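Down below is the structure, laid out as structure tokens.
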Amino acid sequence: MRAQSSATSPSPIAVTAPREPLGVGLGQAALGVLAFSLTFPSTAWGLESFGPWSLVAVRAVLAALAAGGCLLALGVPLPARRHLAGLAVVAAGVVVGFPMLTTLALQTSTTAHAAVVVGLLPLTTAALSALRTGARPSRRFWLAAVAGAAAVLAFTLGQSGGALTGADGYLFAALLVCAAGYTEGGRLARVMPGWQVIGWALVLCLPLSVPAAAVALALEPVHLTGHGVAGVLWAALGSQFLGLVVWYRGMVAVGIPRASQLQLAQPLLTLVWSALLLGEHFTAAAPLTAVAVLVCIAVTQRS
């Protein structure tokens, strides 16, 4: 693979990724949300076989090998030097930070609880996008987004007796780093294909993820089961690679703030998966909160 020269600046037409029609973009973003909604159940399955650090490192290595193989097979040139800082933010947010923090949280939190807390991600992403890219959603958009976030926060405090737990601390930290990764990835996806954005972010992490996986696997016990293997494979290939590919393409087509609000549906989807795949039971507050948040999607999409 050859490096792109950062000294010569290609024309705007050459570096701008083609925009999808609005309906196609929404569909791609929705597919990304569907893939992400399985992340917590698959992580819970993966924890049956791996320790938390092993799981995070192994999924990053597997996803990077898949992405690197695609980049190599298609002869994709190395990213320009001016894009490396942005790719580092994507890597720190969605390759390392979010998986690590949510995996630690799921050791003591149910997937249903974690999914509803992560319902704050759309508001966090929209806010960071406004700061980073200068996007200016309407007042009605912000009111609906804040209403959805308030419902999630009320649920979280109600479930934990009015105080945040250690798992909630991990989850709220995960929101910040993931929103930063989404925002920077959406910005980069305007000038390179979305799959290359996450692909290069994963490959950049290999010097960290490979030795981390070797150390973690040596220190943490491994008990391979069907659920454990399926969980780590989906977390790596479905959530961390393919899901982000369609997600970034969708964000380019419909805009970061609008696409981010589709994730308000993610908690409700994860509740369904946690019941079907994990047999979890939850109080009426969880689906009611998820439905209330889902209503906010319609408002934000109309705004």
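Applying the set (1) surrounded by fewer than 20 Cβ atoms within 10 Å (Cβ to Cβ); (2) within 21 Å of the chain's Cα centre (by Cα); (3) modelled with pLDDT under 85 to Arg258 leaves exactly one unmet item: (1).
Among the residues of the stretch 196-216, at least one is more than 23 Å from Gly181 (Cα to Cα) and either touching a Lys or Arg at 6+ places or on another chain (Cβ under 8 Å) or open to solvent by less than 60 Å² (accessible area, probe 1.4 Å) (or both).
Residues of the stretch 62-75 that are in contact (Cβ under 8 Å) with a residue 60 or more places away in the chain, surrounded by fewer than 18 Cβ atoms within 10 Å (Cβ to Cβ) and either of a type in the set (A, V, I, L, M, F, W, C) or touching a Ser or Thr at 6+ places or on another chain (Cβ under 6 Å) (or both): Ala66, Cys70, Leu72. Looking across the stretch 184-238 at every residue that is polar (S, T, N, Q) and out of contact with any helix residue (DSSP H, G or I) (no Cβ under 6 Å at 6 or more places or on another chain), the one that is nearest to Ser129 (Cα to Cα) is identified as Gln196.
Among the criteria (1) surrounded by fewer than 24 Cβ atoms within 10 Å (Cβ to Cβ); (2) within 18 Å of Ala174 (Cα to Cα); (3) under 17 Å from the mean Cα position of the chain (by Cα); (4) modelled with pLDDT of 90 or more, the one Ala91 does not fulfil is (1). Close contacts from the stretch 87-103, counting a first residue that is touching a residue at least 12 places away in the same chain (Cβ under 8 Å) and a second that is outside any helix (DSSP H, G or I), with Cβ to Cβ under 7 Å and a gap of 6+ residues or different chains, come to Leu87/Pro79; Ala91/Cys205; Val95/Cys205; Val96/Cys205. The criterion of at least 2 residues that are aromatic (Phe, Trp, Tyr) is met by the following helices (runs of 4 or more DSSP H) wholly inside the stretch 206-303: 243-254. Among the residues of the stretch 264-276, is any modelled with pLDDT under 85, under 12 Å from Phe36 (Cα atoms), buried (at least 24 other Cβ atoms within 10 Å of the Cβ) and not polar (S, T, N, Q)? Within the stretch 264-276 (the criterion being modelled with pLDDT under 85, under 12 Å from Phe36 (Cα atoms), buried (at least 24 other Cβ atoms within 10 Å of the Cβ) and not polar (S, T, N, Q)), the answer is yes, since at least one residue qualifies.
The values are calculated or read from the model by the stated rules, or taken from the named source; none is laboratory data. If you're wondering where the values come from, they're calculated on a predicted model, not measured in any experiment. Quick reminder, even Gly has a Cβ in these numbers, built from the backbone with ideal geometry, and neighbours come from all protein chains shown. Areas reflect the complete protein model, heavy atoms only, side chains present, ligands, DNA and RNA absent. Shrake-Rupley method; radii C 1.70, N 1.55, O 1.52, S 1.80 Å.
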